[in-house]
Amino acid sequence: MADTLPQPGDAVVLTVAGKISRSNGQDAAGRLEARFDLAMLQHLGITEFVTATPWHRGRVRFEGVLVRRLLEEVGASGDRLYAVAHNEYTANIPRDDAVRYDMILALRANGRQLGLRDKGPVFIVYPYDTDAALRSDVMYSRSVWQLRRLEIQ
């Protein structure tokens with residue numbers, strides 16, 4: 001039996017499913033899901049960094065949850081993350097990215113809560129300025145904005 005996470009008290013902004021051992025619900029097929037509202041994500045601890053992106057002017061201060069911390073919270077055991085955005089854009093992300101880089105689920109940019117119009121409410125962001133390898137089309141394609149679901153595979 002899986003460990004239980006608290007129930008969201010507000011609108012769910014991110015659902016994590018797949019190879020997880022901690023959950024707070026199930027999908028229609030009975031598979032475990034971990035559903036998070038903003039407060040639950042923030043409770044995991046906030047990390048921030050400043051970096052340039054191809055989608056913003058100048059450098060941006062992002063605040064959010066380390067992806068590796070979220071994976072730990074849900075007891076993830078897979079080696080790939082299948083990220084799905086609100087517009088159905090998808091990306092396959094190696095779990096090693098979460099270990100190797102301080103990639104975050106950004107919730108705020110320059111002190112403002114991210115909404116759908118500005119790539120939120122959850123946006124996968126890498127610290128692009130810390131490593132030249134992060135400034136590539138491959139890495140940018142993994143930076144899913146308007147993220148709504150992570151499938152651990």
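The values are calculated or read from the model by the stated rules, or taken from the named source; none is laboratory data. This structure is a prediction, so every number in the text was calculated from the model and none was measured. All Cβ positions, glycine included, derive from the backbone under ideal geometry; neighbour counts span all protein chains shown. Please note that ligands, DNA and RNA were not included when accessible areas were found on the heavy atoms of the full protein model with its side chains. Shrake-Rupley method; radii C 1.70, N 1.55, O 1.52, S 1.80 Å.
Select from segment 61-87 the residues that are among the charged types (D, E, K, R) and closer than 22 Å to I20 by Cα and list them in ascending order. So that I can check it myself, show each step before the final result.
The first filter runs over segment 61-87 and keeps only residues among the charged types (D, E, K, R), leaving 61, 63, 68-69, 72-73, 79-80.
Hits for segment 61-87 are R68, R69, E72, E73, D79, R80.
Determine whether Y140 is open to solvent by 30 Å² or more (accessible area, probe 1.4 Å) and closer than 25 Å to T4 by Cα. Full working, then the answer.
Values: open to solvent by 30 Å² or more (accessible area, probe 1.4 Å): yes; closer than 25 Å to T4 by Cα: no.
No, not satisfied.
If I ask for residues that are open to solvent by 70 Å² or more (accessible area, probe 1.4 Å) and modelled with pLDDT of 95 or more, which ones from segment 55-68 would you list?
Matches in segment 55-68: W55, R59, R61, R68.
Just to be sure, is A11 in a loop (DSSP other than H, G, I, E, B), among the aliphatic types (A, V, I, L, M) and touching a residue at least 24 places away in the same chain (Cβ under 8 Å)? Walk me through how you get there before you give the answer.
Details: in a loop (DSSP other than H, G, I, E, B): yes; among the aliphatic types (A, V, I, L, M): yes; touching a residue at least 24 places away in the same chain (Cβ under 8 Å): yes.
Yes; evaluated as a whole, the condition is true for this residue.
Applying the selection to segment 1-54, what residues are of a type in the set (A, V, I, L, M, F, W, C) and open to solvent by 60 Å² or more (accessible area, probe 1.4 Å)? Full working, then the answer.
Here is the first cut: in segment 1-54, the residues of a type in the set (A, V, I, L, M, F, W, C) are 1-2, 5, 11-14, 16-17, 20, 28-29, 32, 34, 36, 38-41, 44, 46, 49-50, 52.
Hits for segment 1-54 are M1, A11, V12, A28, A29, A39, I46, V50.
State whether one or more residues within segment 90-98 are surrounded by fewer than 13 Cβ atoms within 10 Å (Cβ to Cβ) and at pLDDT below 95.
Checked segment 90-98: no residue is surrounded by fewer than 13 Cβ atoms within 10 Å (Cβ to Cβ) and at pLDDT below 95.
For residues that are part of a helix (DSSP H, G or I), open to solvent by 30 Å² or more (accessible area, probe 1.4 Å) and of a type outside the set (A, V, I, L, M, F, W, C), tally how many sit in segment 111-129. Even if it seems obvious, please write down each step before you answer.
The initial filter retains those residues of segment 111-129 that are part of a helix (DSSP H, G or I), namely 116-118, 128-129.
With open to solvent by 30 Å² or more (accessible area, probe 1.4 Å) added as a condition, the list becomes 116-118, 129.
Within this subset, residues satisfying the condition of being of a type outside the set (A, V, I, L, M, F, W, C) are 117-118, 129.
Within segment 111-129, residues that are part of a helix (DSSP H, G or I), open to solvent by 30 Å² or more (accessible area, probe 1.4 Å) and of a type outside the set (A, V, I, L, M, F, W, C) number 3.
Pairs under 8 Å by beta carbon, first residue closer than 27 Å to V16 by Cβ in segment 41-60, partner part of a loop (DSSP other than H, G, I, E, B) and of a type in the set (S, T, Y), six or more apart or different chains?
If the second residue must be part of a loop (DSSP other than H, G, I, E, B) and of a type in the set (S, T, Y), the pairs left are T51/Y126; T53/S143; V60/T53.
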